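Asker: Have a look at the structure that comes next, please.
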Amino acid sequence: MTDLLALIVAKYNYWLYVILMMIGLYAMIAKNNLIKKLVGMNIFQTAIILFYISIGYKKNATLPIIENVHGTGGGHIYAIDYINPLPHVLMLTAIVVSVATFGVAMALAVRVYQRYKTLEEDELRMRLSEK
Amino acid sequence: MYWPIDLIVLTFVIFCAIAAIVVKDLLATAILFGAYSFMMCLLWAVMGAVDVAFTEASVGAGVSTVFFVAAIFRTSRRTKD
Amino acid sequence: MKFLGFIVVGLAGAILLYGTGDFPDWGDPYSPASLHISKDYIEKALDQTKVPNIVTAVLADYRGFDTMFETAVIFTAGLACFLLLRDFREKKERFYRHTPTGVILHVKAGKKILDGGKEFEYMDKDWVPSDLIIKTVCRILIPFIQIYALYVVAHGDFSPGGGFQGGVIFGSSLILLAISYNLKTLVKRISEKMLGVYAALGVLIYLGIGVICMLMGGQFLDYAKLAPLIPFDSNHIRALGMLGIEIGVGIAVTAVMAIIYINIVSEGRHDEGL
């Protein structure tokens, strides 16, 4: 019983990330509205970013900003006391790029609406086959 | 970090994600998506990724919601599903 | 389609859930991701760069080349928005308001543009009277937001923050100006041409610092070679180099956020918006 509980505490985060990822994937595949698909894409993206950040987490460690730089602390810095900064760096830029791509996707959606007066996928397909 | 806080915030995140997908009004989707981003920012702050949480609070919950509302203003608000 | 999507999603989820069995436990300090290079970053970053925030040190120094191309991606996104949406055609319908009386003129199929001097002001099609409270609050708030953005950029190497966050906050202050007054106010303050110039200038500052390092005899983005140019503080030369590129990133991100917002909200006509 305690084994099972230990397994759940150790792994439940990953299971919830997978669920979040699947919500995003389902929205991208099955939703009819283009903007809903974009929301699904963003949810998928943040789920992956969340996964990366959680890889870098260490128990009983502090933020990746070194303490007592100007104080008397000094001494040797041990890697085990600080959270892994590398995933943070990679994901920080990924978030800003994601908002830029989100803006471009919104511009495309506005363009599609200007031309076809709809954002629903089935109506779009109908309009396209008329011509 | 205490795992109950983590679990509660993660549950909120998943609720917000499902609600943002299911609701039939795109303006409501925009606001729910902002709430989702903010919960995500909270989760990252709890995990110690302060830089990433800061970025997400300014980018995800702030500017991308504004882009979303701007795009809805120029397209239509209703959706079929 | 819904059923098919559900099957695909279920299968992919099942495979991923099966894969989680092999992951290290959550929060394990000895997981493979924390053993190799990140150990060096944490233990040596302060000695080598004199920057206490390791994330900034890795972002702007160890992986500076990567960040430069991320900035270029953001610049490209702004350019793509401009090219997709910008519409230079004049609008047919125009609305003017006679300021003393409040009478609204509707000019259809505008052959000529009404020039009424100060008496007539151009107005939006979906005009709502601007609210005094919102205008006043935003006018007081915007300078503080901008100072905070500058603070975030300048303190990127001691505390959380940096060029990306500061740029986004500064850009959102410009967007707040456009929302609380109207889009014309923002476009009059910062013209479209200047926004484009700023976006390119940010990327150029980044690139230029790298090239100056090369001219001084080092490698691309090797800030230690900048020391002869800044004689008074050679101990923190790497921190100063990082500050320089953070400023570049901040300028580029600010301009691109404003470009994307203006183009989306006015459908590329830059005349009226939210």
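The values are calculated or read from the model by the stated rules, or taken from the named source; none is laboratory data. Fair warning: this is a prediction, and the values are worked out from it, not measured in the lab. Reconstructed Cβ throughout: ideal geometry from the backbone, glycine too, with neighbour counts over all protein chains shown.
Asker: Limited to the stretch B:17-32, what total is found for residues that are in contact with a Gly (Cβ under 9 Å, 6 or more places away or on another chain) and either surrounded by fewer than 24 Cβ atoms within 10 Å (Cβ to Cβ) or under 21 Å from residue C:258 (Cα atoms) (or both)?
Answerer: 1
Asker: Let me ask you something else. Mind checking which residues of the stretch C:1-40 are part of a helix (DSSP H, G or I), within 7 Å of another protein chain (Cβ to nearest Cβ) and among the charged types (D, E, K, R)?
Answerer: C:2, C:39
Asker: Let me ask something additional. Would it be correct to say that residue C:199 is within 14 Å of chain B (Cβ to nearest Cβ), assigned to a helix (DSSP H, G or I) and in contact (Cβ under 8 Å) with a residue 60 or more places away in the chain?
Answerer: No, not satisfied.
Asker: Does residue B:9 count as within 11 Å of chain A (Cβ to nearest Cβ), assigned to a helix (DSSP H, G or I), out of contact with any His (no Cβ under 6 Å at 6 or more places or on another chain) and buried (at least 21 other Cβ atoms within 10 Å of the Cβ)? Don't jump to the end; show me each part of the working.
Answerer: Values: within 11 Å of chain A (Cβ to nearest Cβ): yes; assigned to a helix (DSSP H, G or I): yes; out of contact with any His (no Cβ under 6 Å at 6 or more places or on another chain): yes; buried (at least 21 other Cβ atoms within 10 Å of the Cβ): no.
In short, no.
Asker: Let me spell it out: the conditions are (1) among the aromatic types (Phe, Trp, Tyr); (2) over 12 Å from the mean Cα position of the chain (by Cα); (3) more than 7 Å from every other protein chain (Cβ to nearest Cβ), and residue B:36 meets all of them except one. Which number is the exception?
Answerer: Evaluating residue B:36 over (1) among the aromatic types (Phe, Trp, Tyr); (2) over 12 Å from the mean Cα position of the chain (by Cα); (3) more than 7 Å from every other protein chain (Cβ to nearest Cβ) leaves (2) as the failure.
Asker: I've got another one for you. Take the stretch C:41-65 and flag every residue that is within 18 Å of residue C:250 (Cα to Cα), more than 7 Å from chain A (Cβ to nearest Cβ) and out of contact with any Leu (no Cβ under 7 Å at 6 or more places or on another chain).
Answerer: Once the filter is applied, which keeps residues that are within 18 Å of residue C:250 (Cα to Cα), more than 7 Å from chain A (Cβ to nearest Cβ) and out of contact with any Leu (no Cβ under 7 Å at 6 or more places or on another chain), the stretch C:41-65 yields C:56, C:57, C:60, C:61.
Asker: Let me ask another. Tell me which of these residue A:36 doesn't satisfy, since it passes every other one: (1) more than 7 Å from chain C (Cβ to nearest Cβ); (2) more than 22 Å from residue B:12 (Cβ to Cβ); (3) under 21 Å from the mean Cα position of the chain (by Cα); (4) not β-branched (Val, Ile, Thr).
Answerer: Against the list (1) more than 7 Å from chain C (Cβ to nearest Cβ); (2) more than 22 Å from residue B:12 (Cβ to Cβ); (3) under 21 Å from the mean Cα position of the chain (by Cα); (4) not β-branched (Val, Ile, Thr), residue A:36 comes up short only on (2).
Asker: Consider residue B:55 carefully, then state whether it is crowded, with 23+ Cβ neighbours inside 10 Å and facing another protein chain (nearest Cβ under 7 Å).
Answerer: yes
Asker: Within the stretch B:59-75, does at least one residue satisfy the condition of being among the hydrophobic types (A, V, I, L, M, F, W, C), over 13 Å from the mean Cα position of the chain (by Cα), more than 7 Å from chain A (Cβ to nearest Cβ) and under 24 Å from residue C:56 (Cα atoms)? Outline the logic, then answer.
Answerer: Applying the first criterion (among the hydrophobic types (A, V, I, L, M, F, W, C)) to the stretch B:59-75 yields B:59, B:61, B:63, B:66-73.
Right, trim to over 13 Å from the mean Cα position of the chain (by Cα) and you get B:67, B:69-73.
Right, trim to more than 7 Å from chain A (Cβ to nearest Cβ) and you get B:69-70, B:72-73.
Add one more test, that the residue is under 24 Å from residue C:56 (Cα atoms), and what stays is none.
Checked the stretch B:59-75: no residue is among the hydrophobic types (A, V, I, L, M, F, W, C), over 13 Å from the mean Cα position of the chain (by Cα), more than 7 Å from chain A (Cβ to nearest Cβ) and under 24 Å from residue C:56 (Cα atoms).
Asker: Still on this model: Only one residue in A:89, A:104, A:99, A:9 is within 7 Å of another protein chain (Cβ to nearest Cβ) and under 13 Å from the mean Cα position of the chain (by Cα), so which one is that? Can you show your working first?
Answerer: Working: A:89 fails: under 13 Å from the mean Cα position of the chain (by Cα); A:104 fails: under 13 Å from the mean Cα position of the chain (by Cα); A:9 fails: under 13 Å from the mean Cα position of the chain (by Cα).
Exactly one of A:89, A:104, A:99, A:9 is within 7 Å of another protein chain (Cβ to nearest Cβ) and under 13 Å from the mean Cα position of the chain (by Cα), namely A:99.
Asker: Pairs under 8 Å by beta carbon, first residue under 14 Å from residue B:53 (Cα atoms) and in a helix (DSSP H, G or I) in the stretch B:24-39, partner charged (D, E, K, R) and modelled with pLDDT under 95, six or more apart or different chains?
Answerer: Correct list of pairs: B:37/B:56.
Quick grid of which residues meet (1) surrounded by fewer than 19 Cβ atoms within 10 Å (Cβ to Cβ); (2) free of Cβ contacts under 8 Å to residues at least 60 places away in the same chain; (3) more than 24 Å from residue C:151 (Cβ to Cβ):
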{"position": "C:187", "(1), (2), (3)": "yes, no, yes"}
{"position": "C:190", "(1), (2), (3)": "yes, no, no"}
{"position": "C:214", "(1), (2), (3)": "yes, yes, yes"}
{"position": "C:255", "(1), (2), (3)": "no, no, no"}
{"position": "C:270", "(1), (2), (3)": "no, no, yes"}
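Asker: Taking the condition of being surrounded by fewer than 24 Cβ atoms within 10 Å (Cβ to Cβ) and touching a His at 6+ places or on another chain (Cβ under 8 Å), how many residues in the stretch C:145-185 meet it?
Answerer: 1
Asker: Out of the residues in the stretch C:100-120 that are modelled with pLDDT of 75 or more and β-branched (Val, Ile, Thr), which is surrounded by the fewest Cβ atoms within 10 Å (Cβ to Cβ)?
Answerer: Ranking the candidates gives C:101 first.
Asker: Output the residues belonging to the stretch B:26-65 that are over 20 Å from residue A:92 (Cα atoms) and not hydroxyl-bearing (Ser, Thr, Tyr).
Answerer: Initial filter on the stretch B:26-65 (over 20 Å from residue A:92 (Cα atoms)): B:26-32.
B:26, B:27, B:28, B:30, B:31, B:32, listed by residue number.
Asker: If only one of A:122, A:81 is under 30 Å from residue C:63 (Cα atoms) and acidic (Asp, Glu), which one is it? Give the steps one after another, and end with the answer.
Answerer: Values: A:122 fails: under 30 Å from residue C:63 (Cα atoms).
Criteria check complete, one pass: A:81.
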